[in-house]
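Okay, so here's the structure we're looking at.
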Amino acid sequence: MPSFTYTAIDVAGKQVSGNLVVRNKSEAYRELESKTLTPITVFPSGKEVPTRASRKAAQEAGPAKLKRPELVLFTEELADLLDAGMQLERALKILHDRQANKSIKAVSGILRDEIREGARFSKALAKASPSFDELYRSLVAAGEASGSLPEILRRLVVNLKQLFDLQRRTMGAMIYPITVMLACVVLLFVFSTVLMPSLSEMMQKTGQDLPMITDLLIKFTDFMGAWWWLILGILVGSFALFRLHISTAKGREWWDGYKMKIPAFGPVIMGRFYAQFCHTMSNLINNGVPLLNSLKLIERGTPNRFIKRHLETVVADVGEGASLARSMENTDSFPEALVDRVAIGEQTGELGKSFQKAAKKYDDDLDIRISRLTTVVPTVMLVFVAMIVGVVAYCMITTIFGSMAGIRGR
């Protein structure tokens, strides 16, 4: 039977080393656990001990970035395993051994190795993949602190699915109007390069003047044809300056605040934040995390700089002894209905339940806003395309009838 050399930590916290004669590495781990030893490294005897640098290089060599569907699948399966009563390290081992998806398999292996070395799960996520953003890691840290990691992962699955569903529904609703828009562009190109020169020549032969709207359309297409390179340069330069501006702290905060004022899209962004905020606060408070710590975790995990600044104010006020409802009201960034619910929860001592009821309300509101968004945007685009097609059709009809009238006049 093969021999394995191990390094582990005993119940007294001391580091011990030794050898085991077992059939495979899995049995080596089970043998160490039966001896109440926490394994650090286990490797076949006679082979070089894998260093942290070599493990890191091996981790970086594999696929570490998860697509959104893969991130949802990983989070959901891990939550299922933890709900079944498995320890985190064991759950990650099952994901690594049985998962067919190569990306999830690689990330699970990296996470398991980091946890075996004593890293916290929330810290290991940052090393395993850039797909685990700050909000994801902060919520996982909150779950570790409160002992409600499976519930937090479930909520993350819901949030990720909501965002993915919003993107899918929006893109699906935009396919038809975008197709019509492209057809409109082709129509304008054919009209300006093929039809309009023939119609202009016909009008000149009949001695008739072009209708004003037709003449304006021709001048516009001529201008675009002559100066397209300048227009393209201005657009590219403006986009580059915009990206440079929002890469700064003030620019990013301005853009994050402006996004919430955009018609149709702004209410969805705000509704998603309120739903996320209420659900997270409910989970944290109901699982025994102190109010101030809960607010700090949410503030650190909020990617929106504009909202983050208001949350920092709330954290500071609550830290000085102010009530949460009064602190939220002073920022002028939370709805009155939510502030009232929080005030009632503070008075009755059931703040977690108040956030839970508010979260249900904002979830319902968010569904309605998403439905409106996926209905209004395609409709507006179709109306815009219809106006362009109508203008082109009107120019063609008036030009043709004008030329026919000139021919009859002769």
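The values are calculated or read from the model by the stated rules, or taken from the named source; none is laboratory data. Here the structure is a predicted model, which is why all the values come from computation and not from measurement. Backbone-built Cβ (ideal geometry, glycine too); neighbour counts: all protein chains shown. Only protein heavy atoms, including side chains, enter the accessible area calculation; ligands, DNA and RNA are left aside. Shrake-Rupley method; radii C 1.70, N 1.55, O 1.52, S 1.80 Å.
For this structure, a couple of remarks:
- P(r) weight above 37 Å for the chain, C-alpha pairs, percent: 48 percent
- Heavy-atom accessible surface of the chain: percent carbon and sulfur, 1.4 Å: 61 percent
- For the peptides 74-80, 3-9, 179-185, the ranking by mean Cβ contacts within 10 Å, running from highest to lowest, is 74-80, 3-9, 179-185.
- With eigenvalues of the C-alpha gyration tensor scaled by 5 and rooted, region 315-410, Å: 63, 15, 7
- Within the same chain, lysines fewer than 8 places from K65 are excluded, and of the rest, those with a Cα less than 16 Å from its Cα are K56, K102, K105, K127.
- Solvent-accessible area per residue in the chain equals 57 Å², computed with a 1.4 angstrom probe and all protein chains kept.
- Taking a straight line from the alpha carbon of K353, these lysines sit under 27 Å away, with near neighbours fewer than eight places off in the same chain left out: K161, K296, K308, K361.
- Per-residue SASA entry for T221, accessible area with 1.4 Å probe, Å² rounded to 10: 30 Å²
- Of the trypsin sites (Lys or Arg not before Pro) found in region 89-174, those that fall in a DSSP loop while having at most 15 other beta-carbon atoms within 10 Å are R120.
- Span-like helix check, the chain: qualifying full DSSP H segments, with Cα axial length of 24 Å or more and mean Kyte-Doolittle of 0.0 or more, are 149-190, 212-246, 265-286, 351-409.
- Unit charges at the beta carbon, dipole of the chain: most positive-side option, A100, T313, P378: A100
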